[in-house]
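**Q** Just passing along the structure, written as structure tokens.
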Amino acid sequence: MNSLKASDIEIVGFNGAPLVECGRSLPIAKRKSDGQHCVLDLSRGVDTLVWHSQEEATSFAEARQWTELVRSVSIPNACVESSTGSVITQPMMVFENETLLDVANRVPRPDHHDLEYLIWQPLKVGDSGCFATCASGPAVEAILDDWAQGLLKRFDAMFGQNPDRADLKRIADFALCAARSRELRRKAYLRYAATQEPDRMKRTFDRFIHTEFPKENWDCFLNELKTLRDILKVLPITTTVTQVDPSGCSTRQSLRDIANDKPLNLVAK
Amino acid sequence: MPLLSDIDEKALAARLPASNAVADNVPLVHVDRTVIDLIEHPPHEIPTSAMGSNSDNTRRAEGLLGLPQSAYFYAGRAHPKFGSTAFAFAAGCEDAHTGSASPFDTGGLLSNPPHLKLRLNPTDGEAERVAFGKASMLPLDQWRATFGRFLAAFFDADVDYWQKKPSRFDPERLFELNNDWRAWTFEIRFSEGHSIHDRAAWCADETVMSQLRRLDDQQPVTIPGDPLSVLDQFFAGPPALEPSGTPQFCERLEQWVREQIAV
């Protein structure tokens with residue numbers, strides 16, 4: 001079996017497009033020695049990677065099948081075997097939108113996770129306000145879960161203040177985009193359901209929650225939802241809601257903006 | 001010489017029954033940019049190249065080979081470069097269609113410059129590639145029989161179709177000169193679109209699943225007895241293989257394909 005040398009590889013983007021405010025995707029790797037590109041999916045081994053020419057790569061980016069970084073980044077050391085320099089574990093891309101990080105109270109972006117340094121790069125697609133970095137799969141999951149925790153904390157802090165339901169729903173929606181662990185996803189779904197119109201709640205349960213959590217029962221879910229609402233209403237109001245971020249744009253303003261904005265998938269074409 | 005005209009009959013006799021069983025049942029796979037586009041826009045079908053997001057190379061190959069604008073599928077394989085949602089359609093879905101098949105990716109054969117390498121006489125220029133592409137074309141109702149023979153003759157085990165290069169080389173050296181599985185994956189073409197509601201399985205990345213949840217939340221509640229919306233119809237079908245999505249949605253769909261045909 002061939003190996004993939006990290007020194008011959010640079011990460012130039014990710015598969016797909018940033019159609020929601022944060023997420024993860026497979027990296028697009030470029031081989032420095034011959035300029036060939038591939039979707040870096042190591043699940044079937046290095047020998048099965050399909051390499052594409054620069055012309056193909058450009059056409060994929062133009063068709064928004066791939067998203068390019070403004071500047072390439074290196075394969076994270078955590079994915080490389082130090083003795084051979086070979087890429088041995090799956091690297092992953094994580095992308096984010098500044099508004100989401102602001103609402104999650106996670107500005108500035110992390111520059112490391114454990115011992116992995118994170119080099120964030122803006123995306124080439126228009127004025128998206130999105131950045132992405134490459135890290136090991138576990139690090140990317142941890143980063144996304146950390147953002148989800150920040151968003152859930154924000155949600156809980158705001159709930160008792162009787163805010164606009166649309167504000168709360170967008171925060172829960174952001175949390176669902178970010179959350180990767182089952183525990184956080186279930187928490188995010190509970191809060192998302194708590195902000196929905198009652199008529200839609202059962203449909204969301206049937207189509208999304210129950211498919212992700214097949215043992216979840218509607219009656220139990222409903223009871224838990226009622227309990228959560230009661231608890232959140234009596235929680236003391238925290239001060240984080242009025243925190244001002246370093247960019248000078250207040251979180252409260254950001255929340256107003258995201259509630260008024262259409263979701264990304266409706267405007268990004 | 002058309003690809004697969006040089007099969008060693010003795011070599012394949014022992015493996016042919018098992019390979020035919022795989023060929024008869026292998027689902028057809030299509031990867032599209034996102035399922036949201038297909039749900040939001042009529043006619044809610046895997047589109048032909050007249051309407052879809054196919055590349056200029058696809059349309060170029062169609063023109064050179066004299067093919068109608070087609071909807072494209074691979075026999076059991078999914079490639080993430082085509083998009084963020086992978087669909088599988090059960091064997092037999094081709095019965096209601098007109099179309100054709102090829103034992104390789106025609107876009108790769110005739111792209112400019114060509115992605116697939118091979119040796120033809122006197123050169124491997126465009127005229128020879130077009131002649132080779134036309135000679136290798138298979139009728140839609142016969143591709144599974146040829147696919148069975150191909151698996152038996154060129155692979156030591158049927159599962160190798162998903163994991164390795166063919167273990168025997170072909171006269172045009174297509175399998176020898178390429179590491180890209182599009183050189184040995186059967187391409188199936190329908191001259192008409194194919195409904196997304198007929199899918200047997202599907203899988204998408206996490207972004208698509210978030211978009212789908214948002215789309216669902218914007219839909220009005222369906223009143224009992226009223227006609228189902230397109231989204232209602234979609235959700236009435238098979239659920240996603242990974243409900244929260246996965247970046248490795250193609251690998252997950254291929255895993256499902258292999259489970260269906262027990263390889």
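**Q** Could you order B:Arg33, B:Arg119 so the one with the most accessible surface comes first? Probe is 1.4 Å.
**A** Most to least solvent-accessible, the answer reads B:Arg119, B:Arg33.
**Q** For the stretch B:2-256, just run the numbers: alpha carbon Rg, then divide by 2.2 N^0.38 Å, N being how many residues it has.
**A** Cα Rg divided by the expected 2.2 N^0.38 Å: 1.06.
**Q** Return the whole-Å distance between the Cα centroid of the stretch B:165-200 and the Cα centroid of the stretch A:1-68.
**A** 21 Å
**Q** Calculate the mean, over all residues of peptide A:55-68, of how many other protein chain Cβ atoms lie within 10 angstrom of the residue's Cβ.
**A** Taking the mean over all residues of the peptide, I get 3.
**Q** Quick one: helix A:251-260 against the long Cα principal axis of chain A, what's the angle to the nearest 10°, folded into 0 to 90?
**A** So the inclination is approximately 90 degrees.
**Q** While we're here: Sort out the exposed loop GluC sites (Glu not before Pro) in chain A (DSSP loop, at most 15 other Cβ within 10 Å) and tell me the longest stretch that has none.
**A** Numbers: sites that count: A:Glu81, A:Glu216.
Segment A:82-215 is the longest.
**Q** Around B:Gly237, what is the net charge, scoring Lys/Arg as +1 and Asp/Glu as -1 over all other residues with Cβ under 15 Å from its Cβ?
**A** -3
**Q** In the calculated pair distance distribution of the protein assembly as shown, what percentage of Cα-Cα distances lie above 44 Å?
**A** 20 percent
**Q** Under 20 Å Cα to Cα from A:Lys124, which aspartates and glutamates show up? Leave out anything in the same chain fewer than 8 places away.
**A** Of all the aspartates and glutamates, those that pass the test against A:Lys124 - Cα under 20 Å, at least 8 places apart if same chain - are A:Glu10, A:Glu21, A:Glu55, A:Glu56, A:Glu62, A:Glu68, A:Glu96, A:Glu98.
**Q** Before we go on, tell me the buried accessible area for the B/A pair, both chains summed, 1.4 Å probe, in Å² to the nearest 100. Could the numbers behind the result be given before it?
**A** Details: alone 12020 and 14010 Å², together 22020 Å².
Looking at B and A, the buried total is near 4000 Å².
**Q** Still on this structure, please answer the following. What fraction, in whole percent, of alpha-carbon pairs in the stretch A:108-215 exceed 24 Å separation?
**A** Value for the stretch A:108-215: 36 percent of Cα pairs lie more than 24 Å apart.
**Q** I need the fraction of alpha carbon pairs in the stretch A:1-98 separated by more than 24 Å, rounded to a whole percent. Kindly include the intermediate steps, with their values, before the conclusion.
**A** Details: 848 of 4753 pairs.
Value for the stretch A:1-98: 18 percent of Cα pairs lie more than 24 Å apart.
**Q** In addition: Can you give the average number of partner chain beta-carbon atoms within 10 Å of each beta-carbon in peptide B:240-247, as a whole number?
**A** 5
**Q** Still on this structure: Per residue, how many Å² of accessible area does the stretch B:219-263 show with a 1.4 Å probe?
**A** Normalised by residue count, the accessible surface of the stretch B:219-263 is 48 Å².
**Q** Right, another one. Measuring from label point to label point, each 7 Å out along Cα→Cβ, what is the B:Glu259 to B:Met51 span in nm?
**A** The two pseudo-label positions are separated by 3.2 nm.
**Q** What shape does the stretch A:114-164 take by its C-alpha gyration tensor, where a ≥ b ≥ c are the square roots of the eigenvalues and a/c under 1.5 counts as rounded, a/b above b/c as prolate, and the rest as oblate?
**A** Details: a/c = 4.06, a/b = 1.54, b/c = 2.63.
Because a/c hits 1.5 or more and a/b fails to exceed b/c, the stretch A:114-164 counts as oblate.
**Q** Can you figure out the FRET efficiency of B:Thr222 with A:Arg182, using R₀ = 30 Å and their beta-carbon distance, to the nearest 0.05?
**A** Once the sixth-power term is evaluated, E becomes 0.50.
**Q** Under a 1.4 Å probe, what is the accessible area of chain A per residue, stated in Å²?
**A** Spelled out: the 1.4 Å probe surface of chain A, per residue, equals 45 Å².
**Q** Per residue in the stretch B:134-183, which ones lose no less than 20 Å² of accessible surface when going from chain alone to all protein chains (1.4 Å probe)?
**A** Those residues are B:Gln163, B:Asn179, B:Asp180, B:Trp181, B:Arg182.
**Q** How charged is the neighbourhood of B:Gly92? Take every other residue with its Cβ under 14 Å from the Cβ of B:Gly92, and add Lys/Arg as +1 and Asp/Glu as -1.
**A** For residues surrounding B:Gly92, the net value is -3.
**Q** What helices does chain B have that are whole DSSP H segments, at least 15 Å long along their own axis by Cα, and with mean Kyte-Doolittle hydropathy of 0.0 or more?
**A** Long hydrophobic helices here: B:143-154.
**Q** Tell me the angle of helix A:218-234 to the major Cα principal axis of chain A, expressed in degrees between 0 and 90 and rounded to the nearest ten.
**A** 70 degrees
**Q** With a sphere of radius 12 Å drawn around the Cβ of B:Asn112, what net charge do the other residues whose Cβ falls strictly inside it have (Lys, Arg +1; Asp, Glu -1)? Please report the intermediate quantities before stating the final value.
**A** Details: positive: B:Arg59, B:Arg60, B:Arg129; negative: A:Glu55, A:Glu56, B:Asp56, B:Glu126.
Every neighbour counted, the sum reads -1.
**Q** What angle do you read, to the nearest 10 degrees and between 0 and 90, between the alpha-carbon axis of helix A:165-178 and the longest principal axis of chain A?
**A** Helix A:165-178 sits roughly 30 degrees off the main axis of chain A.
**Q** Hey, what number do you get for chain A at 222 nm if only DSSP H runs of n ≥ 4 count, each worth -39500 (n - 2.57), divided across all residues, to the nearest 500?
**A** Calculated from helices alone, the mean residue ellipticity at 222 nm is -12000 deg cm²/dmol.
**Q** Okay, next question. Compute log10 of I(q)/I(0) for chain A with the Debye formula, placing one identical point scatterer on every Cα and leaving out solvent, at q = 0.12, 0.13, 0.17 Å⁻¹, to two decimals.
**A** For chain A, the Cα-only Debye profile gives -0.79, -0.90, -1.28.
The values are calculated or read from the model by the stated rules, or taken from the named source; none is laboratory data. Predicted model only: the values in this text are computed from it and were never measured. Every residue, glycine among them, receives a Cβ derived from its backbone with ideal geometry; neighbour counts consider all protein chains shown. Note: accessible area is taken over every heavy atom of the protein model, side chains too, but ligands, DNA and RNA are not part of it. Shrake-Rupley method; radii C 1.70, N 1.55, O 1.52, S 1.80 Å.
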